[in-house]
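What follows is calculated from the coordinates using simple rules that are stated; it is not laboratory data. Predicted, not measured: the structure shown is a model, and the values here were computed from it. No Cβ is skipped: glycine too gets one built from the backbone with ideal geometry, and neighbour counts run over all protein chains shown.
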Amino acid sequence: MTVADLNSGQRAIIKDIDFSHPSSNRVVEYGFTPGQELQVLNKSIFNDPLSVSLRGALIAIRKNDARCIEVILANEH
C-alpha cells in the first residue's frame, strides 16, 4: 500500500521508500522517511494533489510522487 492509496483522514506509518521511482529523492527531502507517522488530511478534486500532515508540517504531494512511499496503516502497526 502506498500513500496514494490512503483515504482522507487515514493515518499510516512509512514502511519503505521505493528508490527505483524517479521521485524518491524528492520525497525523502520533504521528510518522508521510514518510521514516520503521517495522515492524509485532504484530497483535492480528482485526488491530485494530496495534503499530508508529516512531522507537524502540511505537505502537498502529487499522487505520482506519493506512489513511491510504502506505508502500513497506523492501527496495523
### Task
Among V28, V52, V40, determine the one that fluctuates most according to a GNM of the chain built with springs between C-alpha atoms less than 10 Å apart.
V28
#### Entry: Charge tally in the Cβ shell below 14 Å around V52, where Lys, Arg are +1 and Asp, Glu are -1, V52 excluded
+3
### Task
Kindly provide the Kirkwood hydrodynamic radius of the chain in Å, to one decimal, from all pairs of distinct alpha carbon atoms.
12.0
### segment 45-55 - phi-based ³J(HN,Hα) in whole Hz, Karplus 6.51/-1.76/1.60, Gly and Pro as x
4, 6, 6, 8, x, 9, 9, 10, 8, 8, 6
### Task
Work out, step by step, the length gained on full extension between Q39 and S20: first 0.36 nm times the residue separation, then minus their alpha carbon distance; give nm to one decimal.
4.4 nm
